[in-house]
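Okay, structure first, notes after.
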């Protein structure tokens, strides 16, 4: 199974279903099942900022008890959108893939969309990987992460 290493708290936010898009500087053609690996690094500062702090607290997490160095969830990578900013539409972000467009105006976002926007890096030229059907594992499975997409499973057998 393909896996991706994500630093904390973003890995846990995805695993909990609080975040739908993983934003990256690179695109992927992979679609389908993917394991979410929580890297060993925890951004402790961001864990104290809103809305990160309150969303994590809702699920019983702080920077001190986030899982690290382990597979924490399995999800389905649905699509990979390119982030663009149309001319003449100040602040608007478009996510484009396969002729489809999602448009977000940060000034007019609903609470759930605003949270999604804050939890990602939607600068022009980046990519938003859409995740669905997230399954949080009952117990994290220790694993060594890697950069990029990597194959997980051999060490778990």
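The values are calculated or read from the model by the stated rules, or taken from the named source; none is laboratory data. Everything numeric in this text was worked out from a predicted model, so none of it was measured. Glycine also receives a Cβ, built like all others from the backbone with ideal geometry; neighbour counts cover every protein chain displayed.
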Of 36, 46, which residue is assigned to a strand (DSSP E or B) and either without any contact (Cβ under 8 Å) to a residue 40 or more places away in the chain or within 28 Å of residue 146 (Cβ to Cβ) (or both)? 36
Going through segment 80-100 one residue at a time, which ones are at pLDDT 80 or above and either touching a strand residue (DSSP E or B) at 6+ places or on another chain (Cβ under 6 Å) or within 17 Å of residue 24 (Cα to Cα) (or both)? 80, 81, 82, 83, 84, 93, 94, 95, 96, 97
Residue 61 passes all but one of (1) in contact (Cβ under 8 Å) with a residue 40 or more places away in the chain; (2) buried (at least 19 other Cβ atoms within 10 Å of the Cβ); (3) under 20 Å from residue 128 (Cβ atoms); which number fails? (3)
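Surrounded by 19 or more Cβ atoms within 10 Å (Cβ to Cβ) and either touching a helix residue (DSSP H, G or I) at 6+ places or on another chain (Cβ under 7 Å) or over 13 Å from residue 21 (Cα atoms) (or both): which single residue out of 97, 35, 103 fits that description?
On the way: 97 fails: surrounded by 19 or more Cβ atoms within 10 Å (Cβ to Cβ); 103 fails: surrounded by 19 or more Cβ atoms within 10 Å (Cβ to Cβ).
The unique qualifying residue is 35.
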I'd like to know if segment 43-65 contains one or more residues that are farther than 16 Å from residue 15 by Cα and either in contact with a strand residue (DSSP E or B) (Cβ under 7 Å, 6 or more places away or on another chain) or at pLDDT below 85 (or both). yes
Residue list for segment 55-75, filter: on the phi > 0 side of the Ramachandran plot and under 17 Å from the mean Cα position of the chain (by Cα): 69
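Restricting the search to segment 11-30, which residues are surrounded by 13 or more Cβ atoms within 10 Å (Cβ to Cβ) and assigned to a loop (DSSP other than H, G, I, E, B)? Break it down stepwise before answering.
So the first thing to find is which residues in segment 11-30 are surrounded by 13 or more Cβ atoms within 10 Å (Cβ to Cβ), and the list is 11-24, 27-28, 30.
Hits for segment 11-30 are 16, 17, 18, 19, 20, 27, 28, 30.
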Looking at (1) in contact with a helix residue (DSSP H, G or I) (Cβ under 9 Å, 6 or more places away or on another chain); (2) touching a residue at least 60 places away in the same chain (Cβ under 8 Å), find the lone condition where residue 69 falls short. (1)
